[in-house]
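Structure, as structure tokens:
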Amino acid sequence: MGYTIGQKLIKAHLIEGEMTPGTEIGIRIDQTLTQDATGTMAYLEFEAMGIDRVKTELSVAYIDHNTLQTGFENADDHRFIQSVAKKRGLLYSKPGNGICHQVHLERFGKPGKTLIGSDSHTPTGGGIGMLAIGAGGLDVAVAMGGGTYYTTMPKMTLVRLSGKLSPWVSAKDVILDVLRIMSVKGGVGKIIEYGGEGVKTLSVPERATITNMGAELGATTSVFPSDEITKEFLRAQGRENDWTELSSDADAEYDEIIDIDLSSLAPLAAMPHMPDNVKTVEEIGKIKINQVCIGSCTNSSLSDMMKVAAILKGKKVAPNVSLTISPGSMQVLNMLSLNGALSDIISSGARLLECACGPCIGMGQSPNSAGISLRTFNRNFEGRSGTADAGIYLVSPEVAAASALTGVLTDPRTLGEMPAITLPGSFIINDNMIEKPASPDEADSVEILYGPNIKPFPSSTDLPESITAKAVLKVGDNITTDHIMPAGAKILPYRSNIPYLSNFCFRQCDEKFAEHCKEAGSGIIIGGSNYGQGSSREHAALVPLYLGIRAVITKSFARIHLANLINAGIMPFTFANPDDYDRIDTNDELALDGIREKIISGSAVTLKNITKGEEYALLSNYSERQKAMILAGGLLNYTKNNAK
């Protein structure tokens, strides 16, 4: 039997374990990336390990999330990251250089290489044939130090594409269709590989849009072949020598096959408040809109921006609409400026934002109260935009630009012939906003600069013999990391200050959650299905750790958050009988008797409900390594213990 692309990439980097789905494997990591919302904590963790220099082939620290500087906090974090990068051997991408995934695709990604990043949309790199995986900051810190990255060996899903996209239909519509088919939890434990004749009709930016938003499936990652189209993209970036051909074997076997005829797709939109709540634009109808935001790591490439400019050229944005444009990188912005497309965008009445994540992460441009905002982003979770009652729709650049002109959600096919765009054969290469690190000889003289808002990594202790604690919170299905630890301009500046950040934990679900935890001293969280979906932010585990959470018990977990909980030393369990979820209420007194010995021995775990006099069987599937981490109180303690 032959291998899929995902299996080939894993096999080439496998260090520990067997390639049996559902079992733990350890792989070698070639590249890492961080962004500033998660990077400060990742580098605090790296410093705590006491390693002098990164040991990967390439590690890059990007500044793209917290670029709105209304106080000293973000600027101090950037200065800290810059000093760590200089001293420890990382490249440093300055604010304004662009969104990490767009820049990495342009300048650093290599087919056949492994990449983990402290951002859930790291799978963007799968668009050029990388094994690119989103992870928690601590996992990235360990990889930077030369450590193995551990994950569960995924199953393989083939999305077999045929046909060709019709005019006005785009790659965004492809991934929205996949989400409509698979749901936001349908990719958990899987690598989504794209194949079939239709792949040859998609450019690298289109492929990257699809792999980027594959994160919303809950998948481990998504990947395309590395072919002549990939080679052309790298040649245009002056990196043809980085190209390696990569494809699945003809006799490769998949656990699941999904067929999509590209020619049958129509413009789609994900309706509030979930990326898989997908209908055709025609079905939704001409609803009045207030705002359109074009950009994000999903749709900010030169080709996306050129399409938008062509649609807007010579026209005017509707009076009731605020249109914002965020180019994905300095390269994209520079080329738009030089070829005249930027003038077409500005002349239409669009507002130009910097090359950063911006509105996608809730960093500015919140809609008006109860406003309707169309966004070319990847997530539309409730409240993520910064406006609690806003209705956020996820759409393609074509739908976004067309709707900005009409003032209502518009099927762009009604505008007539799609304007033609021509992309250059080579891109402008200017890496002057990427700083190189000091040489090893010079590194000793580099001082790491800490600001007053940067607080230490929260400490954890060994797992006690038994745990008795209240159910301090009970939540439903599809709880996101935005519910647990919100983003936004008011909160993001405190990502390096866990004590202050803790005041906002679960505020959307329970305004007094932090207060209740502090009163209780310790606690257990009860959750539904797909708990922790969304961002890779480990703050969604570190802040509950700080607040005394010892265990999270759910019907099921999202992959990255499950790993982050274990990394933090918080025990994740699932109900053996999902109906037992209904039998527990907030403030029930719960007990995990003899839990330390049960983790060591791997014996069955029972949750006692002291309040109701009941018992519930719990499941876990911890590897021996994960058991050791939980016993030690998390990955950082485990790493320190093993380094002695």
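Laboratory data are not the source of any read-out in this text; all were calculated from the coordinates shown. This one's a predicted model, so the numbers in the text were calculated from it and none came from an experiment. Note: ideal-geometry Cβ built from the backbone for every residue, glycine included; neighbour counts use all protein chains shown.
Just want to confirm a number: the relative contact order over the range 467-643, from Cα pairs under 8 angstrom separated by 6+ residues, in percent.
Relative CO of the range 467-643 lands at 23 percent.
What are the extents of the Cα atoms of the range 560-644 along their three principal axes, in Å, largest first?
45, 26, 21
Quote the Stokes-Einstein diffusion coefficient, in whole µm² s⁻¹, for the range 59-115, based on the Kirkwood radius over alpha carbon pairs, a temperature of 4 °C and a viscosity of 1.567 mPa s.
Taking Rh from Cα pairs, D becomes 106 µm²/s.
Can you sort V281, V60 so the residue with the fewest Cβ neighbours within 10 Å comes first?
So the residues, fewest neighbours to most, are V60, V281.
Nearest 0.05, what FRET efficiency do E18 and S264 give at R0 = 30 Å with Cβ-Cβ as r?
Given R0 = 30 Å and the Cβ-Cβ separation, E is 0.15.
Quick one: pull the percentage of alpha-carbon pairs in the chain with a separation above 50 Å.
Tail of P(r) above 50 Å: 7 percent of Cα pairs.
To make sure I understand the rule: partners must be lysines, Cα under 22 Å from the Cα of K598, and not fewer than 8 residues away in the same chain. Which ones qualify?
The qualifying lysines are K470, K555, K608, K627.
Which one, P572, L415, T586, is farthest towards the positive end of the dipole of the chain when Lys and Arg carry +1 and Asp and Glu -1 on their Cβ?
Farthest towards the positive end: L415.
Dipole magnitude of the chain about its Cα centre, charges +1 at Lys/Arg Cβ and -1 at Asp/Glu Cβ only, in debye to the nearest 20?
Dipole of the chain, to the nearest 20 debye: 940 debye.
Go through L9, A310, L501 and say which Cα lies farthest out towards the positive end of the charge dipole of the chain; charges sit on Cβ, +1 for Lys and Arg, -1 for Asp and Glu.
Positive-end residue among those listed: A310.
Just from the alpha-carbon atoms, what are the Rg and Dmax of the range 268-410 in angstroms?
13.7, 40
Taking square-rooted eigenvalues a ≥ b ≥ c of the alpha carbon gyration tensor, is the range 513-592 rounded, prolate or oblate, where a/c under 1.5 means rounded and, failing that, a/b exceeding b/c means prolate?
In terms of gyration-tensor shape, oblate.
About its Cα centre, what dipole magnitude does the range 467-643 give when the only charges are +1 on Lys and Arg Cβ and -1 on Asp and Glu Cβ, stated in debye to the nearest 20?
640
Net charge within 14 Å of G198 by Cβ-Cβ distance, Lys/Arg positive one each and Asp/Glu negative one each, not counting G198 itself?
Here the charged neighbours net out to -4.
How high is the relative contact order of the chain? Use alpha-carbon pairs under 8 Å, at least six apart in sequence, and give a whole percent.
So the answer I get is 14 percent.
Mind running the shape call on the range 404-560? Use the C-alpha gyration tensor, a ≥ b ≥ c as the square roots of the eigenvalues: rounded below 1.5 for a/c, prolate if a/b tops b/c, oblate otherwise.
Judged from the Cα gyration tensor, the range 404-560 comes out oblate (a/c at least 1.5, b/c at or above a/b).
What residues qualify as long-range amide H neighbours of G407, i.e. H under 5 Å apart, gap of 5 or more or another chain, H built at 1.01 Å from N?
When sequence neighbours closer than 5 places are left aside, the close amide H contacts are A318.
Can you give the Kirkwood hydrodynamic radius of the range 23-100 from its Cα pairs, in Å with one decimal?
For the range 23-100, inverting the mean 1/r across all distinct Cα pairs yields 13.2 Å.
Which lysines have a Cα less than 24 Å from the Cα of K164, not counting those fewer than 8 places away in the same chain?
Of all the lysines, those that pass the test against K164 - Cα under 24 Å, at least 8 places apart if same chain - are K172, K200, K231, K279, K307.
I'd like the projected area of the range 5-264, averaged over all directions, using the convex hull of its alpha carbons. Report it in nm² with one decimal.
With every direction weighted equally, the projected area is 14.1 nm².
Could you list, bin by bin from short to long, the percent of Cα-Cα pairs of the range 100-241 in 10 Å steps?
Whole-percent P(r) values from 0 Å outward: 12, 44, 34, 9, 1.
Once you sort the root eigenvalues of the Cα gyration tensor of the range 467-643 as a ≥ b ≥ c, which label holds: rounded (a/c under 1.5), prolate (a/b larger than b/c) or oblate (the other case)?
Verdict is oblate for the range 467-643.
Contour minus end-to-end for D251 and S426, with contour as 0.36 nm per residue of separation and end-to-end as the Cα-Cα distance?
59.4 nm
Please get the size of the charge dipole for the range 268-410, origin at its Cα centre, with Cβ charges of +1 on Lys and Arg and -1 on Asp and Glu, quoted in debye to the nearest 20.
The calculation lands at about 280 debye.
What net charge do the residues around K608 carry, taking every other residue with its C-beta under 15 Å from that of K608, with Lys and Arg at +1 and Asp and Glu at -1?
Local net charge: -3.
Taking every eigenvalue of the Cα gyration tensor of the range 351-444, multiplying by 5 and rooting it, what semi-axes result, largest first, whole Å?
Square roots of five times the eigenvalues give 35, 24, 9 Å.
How much net charge surrounds I467 when only other residues with a Cβ under 10 Å from its Cβ are counted (Lys, Arg +1; Asp, Glu -1)?
Within the 10 Å Cβ shell, the charges total 0.
Computed over the Cα atoms, what is the radius of gyration of the range 428-506 divided by 2.2 N^0.38 Å, N being its residue count?
1.74
At a threshold of 8 angstrom on Cα-Cα distance, excluding pairs fewer than six apart, so keeping six or more, what relative contact order does the range 66-164 reach in percent?
Contact order relative to length: 15 percent.
Binning at 5 Å from 0, report for the range 1-43 what percent of all alpha-carbon pair distances ends up in each bin.
5, 18, 21, 16, 12, 15, 9, 2, 1
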